[in-house]
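Student: Quick one: the structure is below, questions incoming.
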Amino acid sequence: MARQGTVRVAGALLLPALLATLGGCGKAGDEHGRKPADAGRQSATKVEESAQSVTIETSGRTVEIMAGGVGWPAGIPAEVPPFSFGSIRSVTRSESGEGLSWSIAAGELQPDAIRRYAALLKERGFQASSMIVGRGGSVTGQKGNISIAVVSSDGTATISVALKR
């Protein structure tokens, strides 16, 4: 159990560093034409990038990071109501032996987004609880093997959806 926590913490710490270096991922060398020192080494990690996404594959885990106009992610179970109370800025999808998870960043939230999403979760049969603080707050929902958490502050929100296998 401690190992899983370590892996999650390490992943959370490495993700910002990866995003900061994406600008140079497709380059063969620096501005002087030199190749990186480890260019010939093989790695257990595979990184693919397109204009709007990055996919990282390691043994037992795949992480896909999508940005810019991605909308509500495909693959989230249909019983999870889409979060339509703001604009989705980015999505991170992770897959492992434990299941699937999505972390969705949203902005430009409507003032009553948390309250309205909590009501939607309850309508769909989720056990939901919420805490409203000013224009922000949080809501959590549980239904079978699906867990949802939304945390909102200052017009932005992070929506987390986890699907256990």
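Rule-based calculations on the coordinates, nothing more; no lab input. The model shown is predicted, which means the values in this text are computed figures rather than measured ones. As a convention, Cβ positions derive from the backbone with ideal geometry for all residues, glycine included, and neighbour counts pool all protein chains shown.
Student: What net charge do the residues around Val133 carry, taking every other residue with its C-beta under 15 Å from that of Val133, with Lys and Arg at +1 and Asp and Glu at -1? Mind showing how you got there, number by number?
Tutor: Details: positive: Arg115, Arg135; negative: Asp112, Asp154.
Once positives and negatives cancel, what remains is 0.
Student: May I ask you to sort Leu121, Leu163, Leu109 by Cβ crowding, counting other Cβ atoms within 10 Å and putting the fewest first? It would help to have the intermediate numbers written out before the result.
Tutor: Values: Leu121 24, Leu163 18, Leu109 21.
By the 10 Å Cβ count, ascending, the order reads Leu163, Leu109, Leu121.
Student: Once Rh is set to the Kirkwood radius over Cα pairs, what Stokes-Einstein translational diffusion coefficient, in µm²/s, holds for segment 60-165 at a temperature of 25 °C and a viscosity of 0.890 mPa s? Spell out each step's value before the answer.
Tutor: Working: Rh = 13.8 Å.
The diffusion coefficient I find is 177 µm²/s.
Student: Place +1 on the Cβ of every Lys and Arg and -1 on the Cβ of every Asp and Glu in segment 60-165, take the dipole about the Cα centre, and give the residue among Pro73, Gln127, Thr62 whose Cα lies farthest towards its positive end.
Tutor: Looking along the dipole axis, the top candidate is Gln127.
Student: Got a sec? Which residues in segment 77-106 would a label at Glu123 touch, if it sits 7 Å along Cα→Cβ and we count backbone N under 20 Å?
Tutor: In segment 77-106, the label zone of Glu123 (backbone N under 20 Å from the point 7 Å along Cα→Cβ) covers 77-88.
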